[in-house]
Amino acid sequence: NAGVTQTPKFQVLKTGQSMTLQCAQDMNHNSMYWYRQDPGMGLRLIYYSASEGTTDKGEVPNGYNVSRLNKREFSLRLESAAPSQTSVYFCASAPQGAGGNYGYTFGSGTRLTVV
Amino acid sequence: AQKITQTQPGMFVQEKEAVTLDCTYDTSDQSYGLFWYKQPSSGEMIFLIYQGSYDEQNATEGRYSLNFQKARKSANLVISASQLGDSAMYFCAMREGRYNFNKFYFGSGTKLNVKP
């Protein structure tokens, strides 16, 4: 099925470990996003990539890095995981510049626990 | 200031009744879009409905309608004839500007429980 695919779906890390969350979309969207979702706080933007070759910080970028590998793939890396990064992570994509009724298409999420 | 405010952390509704989920927004842009997403317990985010700031008619999608009151900066979601499958978290979101996808803000959500 067309859409946004995130891997893994679940992950437990020890404090200080590193990992990369993978995201790929097959809708030919230009822009891609990483959000985290915490209880009572909605979704907060970590990083985004408006187009292939560009990345920018969002609201909560500290402790994360991203790579826009190509038009399809946008990865999120935790270099040294901390318990405060325990969250549900969502990748999303959208057709940049389309305007109108073009919200996000979301992946199914990654539930990350840092112990 | 919060861009999107959802003041109802939790709501209960009887099956087959209508329910309104509140959302207010804050922007100085003339062009913006308002969205509602549903998040069932399985965790995925499902797009429900969209309202553009220049749309004169309230948006409708099946049992979902968006009560858009521009002067009051409110964009309430109305679900008619609630079903048990409507039990989920609901998020209101706003995109500022017509092409600014990095200015996309979410509220904290409302958890809706539909009682049989």
Quiz item: In square nanometres, what is the average projected area of the Cα convex hull of region B:4-61?
Solution: 5.3 nm²
Quiz item: When only C-alpha pairs under 8 Å and at least 6 residues apart count, what is the relative contact order of chain A, in percent?
Solution: 36 percent
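Could you tell me the ratio Rg/Rh of the protein assembly as shown? Both radii from Cα atoms, Rh via Kirkwood.
With Rg and the Kirkwood Rh in hand, the quotient comes to 0.97.
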Practice problem: Post the alpha-carbon centroid distance, region B:77-116 to region A:1-54, in whole angstrom. | Solution: 20 Å
Quiz prompt | P(r) histogram, all alpha-carbon pairs of region A:34-115 included - 10 Å bins from 0, percent | solution = 17, 51, 27, 5, 0
Quiz prompt | Amide H partners (placed H, <5 Å) of A:Asn30, local residues excluded | solution = A:Ala94, A:Gln96
Exercise. Please find, in a Gaussian network model of chain A (springs between Cα atoms separated by less than 10 Å), the residue of A:Pro39, A:Pro61, A:Pro95 whose mean-square fluctuation is greatest.
Key: A:Pro39
Quiz item: How large is ³J(HN,Hα), in whole Hz, for each residue of region A:46-57 in order, when computed from phi with the Karplus curve 6.51 cos²θ - 1.76 cosθ + 1.60 and θ = phi - 60°, using x for Gly and Pro?
Solution: 8, 8, 9, 10, 5, 7, 4, x, 10, 9, 9, 6
Exercise. Provide Rg over Rh for chain B; use the alpha carbon set for both Rg and the Kirkwood Rh (inverse mean inverse pair distance).
Key: 0.96
Quiz item: Mind checking which of B:Asp22, B:Asp86, B:Asp55 has the largest fluctuation in a GNM of chain B, springs on alpha carbons under 10 Å?
Solution: B:Asp55
Quiz item: Shielding of A:41-51 by partners, i.e. mean partner chain Cβ atoms within 10 Å per residue?
Solution: 4
Quiz prompt | Cα lying deepest toward the dipole's positive end in the protein assembly as shown, options A:Gln11, B:Gly43, B:Thr27, charges on Cβ | solution = A:Gln11
Practice problem: Scan around B:Met11 for amide H atoms under 5 Å from its own, H built in the peptide plane at 1.01 Å from N, and keep only partners 5 or more places away or cross-chain. | Solution: B:Lys111, B:Leu112, B:Asn113
Quiz item: When the accessible area of the protein assembly as shown is split by element with a 1.4 Å probe, what percent falls to carbon and sulfur?
Solution: 47 percent
Exercise. Loop only per DSSP, at most 12 neighbouring Cβ atoms within 10 Å: give me the chymotrypsin sites (Phe, Trp or Tyr not before Pro) in region B:47-113, ordered by residue number.
Key: B:Tyr54
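What pairs in A:Lys9/A:Lys57; A:Lys14/B:Lys115; A:Lys9/B:Lys70 have C-alpha atoms more than 30 Å from each other?
Table pairs above 30 Å Cα-Cα are A:Lys14/B:Lys115; A:Lys9/B:Lys70.
The values are calculated or read from the model by the stated rules, or taken from the named source; none is laboratory data. This is a predicted model, so every value here is computed, not measured. When we count neighbours, we look across all protein chains shown, and the Cβ atoms used for this are built from the backbone with ideal geometry, even at glycine. Surface accessibility is based on the protein's heavy atoms, side chains included, excluding ligands, DNA and RNA. Shrake-Rupley method; radii C 1.70, N 1.55, O 1.52, S 1.80 Å.
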